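To keep things clear, I will list the structure first and then write my remarks on it.
The values are calculated or read from the model by the stated rules, or taken from the named source; none is laboratory data. Nothing here was measured: the structure is a model prediction, and the numbers come from that model. We place every Cβ from the backbone using ideal geometry, glycine too, and count neighbours over all the protein chains shown. Side chains are part of the model used for accessible areas, which takes the heavy atoms of the whole protein and leaves out ligands, DNA and RNA. Shrake-Rupley method; radii C 1.70, N 1.55, O 1.52, S 1.80 Å.
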Amino acid sequence: MARKQASNVVVGLDIGTSKIAAVIGKIKSDGEIEIIGMGTHPSRGLKKGVVVNIDSTVESIQRAIDEAERMSGYTVESVYVGIAGSHIQSFNSNGMVAIRNKDVQYDDIERVMDAAQTMAIPGDQRVLHILAQEYIIDNQGGIREPIGMSGVRLEARVHMVTGSVSAAQNIAKCVERCGLAVEDIILEQLASSESVLSEDEKELGVCLVDIGGGTTDIAVFHSGAIRHTAVISVAGDQVTNDIAVALRTPTQAANEIKLKYACALPQLINHDEEIEVPSVGDRPARCLSRRTLVEVIEPRYEELFQLIQKELRSSGFEDVLAAGIVLTGGSSLVEGAVELAEEVFHMPVRLGYPEGVTGLSEAVNSPAYATTVGLLMYAKEHSNLPSEPARSRLSDTASVFERMKNWFKNSF
Ligand SMILES: Nc1ncnc2c1ncn2[C@@H]1O[C@H](COP(=O)(O)OP(=O)(O)OP(=O)(O)O)[C@@H](O)[C@H]1O
Ligand SMILES: [Mg+2]
């Protein structure tokens, strides 16, 4: 018989535009995450990262969860879930307070984080994350662990992420309709960066680019902290659509052709290669040169990389990315994506696979599961597991987290 979800078992649920993936992880006493279950099902109820059909999303979540439960032998009760979409907004902010008792205590951190979020947020948006970048005590900056330090004035620089209330509520509705509780809602690229980026890259300066089906999610890190996040509404679905239109083939066939023959750089293919393309209606299939296909794909990926470059330029971080760009997400798997990105960005580019987990890690060994695995890592850092002592972290504070959970609970 299936066991109830134990307190050291966490579940990541990635509700993507192309697939819904559930992964169950056991957190060992040494902090290691062992993957013990995994389930995935095609997603049909989302557009550009946002739930547009509750019933079909619920069905896909249920299937993915069922599969993961069967594999692990546990019954899932609560999940950490991702959020993306063009409704996400982010900005940097800061706050300042007087330190109450000479040394910085937890209460001072709580107050300074409160002070950092006093700016006006549109009524239809709610705070998803308040991520500390650095603390400044009496003009001394660059402090990551302020607790216990002496001073008079405490400042915090933070990165705030907000999202549409209704988009978050629809995600929660789908999860709850499956009989599951939402532990937390996490910005998808924040989750992906947990599983794909190294601490060194975050320190040196790096941009994570998660190219999925519906959205491309980016996150910039520098000096060990998150500096900028953005969501671009161009990703794999557009590439499929371009192929369907240009080759006059049904969308399903266009996606299959993409998975089999796609390449983002014409120089990498053999020029006399031919591919078979199904036609629309009763017309017979045709043979086309693979080059024709690549000539459709290259401009779309180039456009996407240029949009990211524009975003990086306007954020002011383009010149500080010493560790370059890390591509992840299913659409980063297209042949030649890394090479084309290097041409556009003039920076080192690598492909990001989720790392740092054991157990059934082969099952999640694809850039498409960067978010799913990252959700587990985020869960490990933020859940108060018996083996994990509560601590003050640079990336978040428990009080903010609790408040967010409360907001979330109160919104139904
Ligand atoms: N080998 C491949 N070559 C090209 N594209 C691929 C390959 N494998 C997967 N894709 C594309 O990746 C996309 C799915 O990626 P992913 O699973 O990361 O998306 P998602 O998380 O469901 O969507 P999103 O994050 O945008 O909501 C699809 O468009 C799919 O066609
Ligand atoms: Mg995704």
**Request:** Would you point out the residue of the stretch 215-227, among those that are part of a loop (DSSP other than H, G, I, E, B) and surrounded by fewer than 24 Cβ atoms within 10 Å (Cβ to Cβ), that is nearest to ligand 2 (Cβ to nearest atom)?
**Result:** G224
**Item:** Verdict on S86 being closer than 26 Å to A219 by Cα, within 23 Å of the chain's Cα centre (by Cα), within 14 Å of ligand 1 (Cβ to nearest atom) and surrounded by 18 or more Cβ atoms within 10 Å (Cβ to Cβ)
**Value:** no
**Prompt:** If a residue has to be hydroxyl-bearing (S, T, Y), at pLDDT 95 or above and within 21 Å of L128 (Cα to Cα) to count, how many in the stretch 70-92 make the cut?
**Reply:** 2
**Message:** Contact list please: Cβ distance under 7 Å, first residue in the stretch 206-217 and more than 15 Å from Y301 (Cβ to Cβ) and among the small types (G, A, S), second residue open to solvent by 10 Å² or more (accessible area, probe 1.4 Å) and more than 7 Å from ligand 1 (Cβ to nearest atom), pairs at least six apart or on different chains.
**Reply:** G214/K47; G214/K48
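Name the residues in the stretch 11-44 that are within 16 Å of ligand 1 (Cβ to nearest atom) and of a type in the set (S, T, N, Q), would you?
If the condition is that a residue be within 16 Å of ligand 1 (Cβ to nearest atom) and of a type in the set (S, T, N, Q), then T17, S18, T40, S43 are the ones that fit.
When you go through S78, S29, S18, S93 one by one, which is the residue that is within 16 Å of ligand 2 (Cβ to nearest atom) and surrounded by fewer than 24 Cβ atoms within 10 Å (Cβ to Cβ)?
On the way: S78 fails: within 16 Å of ligand 2 (Cβ to nearest atom); S29 fails: within 16 Å of ligand 2 (Cβ to nearest atom); S93 fails: within 16 Å of ligand 2 (Cβ to nearest atom).
The conditions single out S18.
Could you count how many residues in the stretch 145-202 are within 21 Å of N53 (Cα to Cα), part of a strand (DSSP E or B) and either out of contact with any helix residue (DSSP H, G or I) (no Cβ under 9 Å at 6 or more places or on another chain) or of a type in the set (S, T, N, Q) (or both)?
Selection size over the stretch 145-202: 3.
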**Asked** Among the residues of the stretch 274-283, is there at least one that is within 24 Å of E339 (Cα to Cα) and not basic (K, R)?
**Response** yes
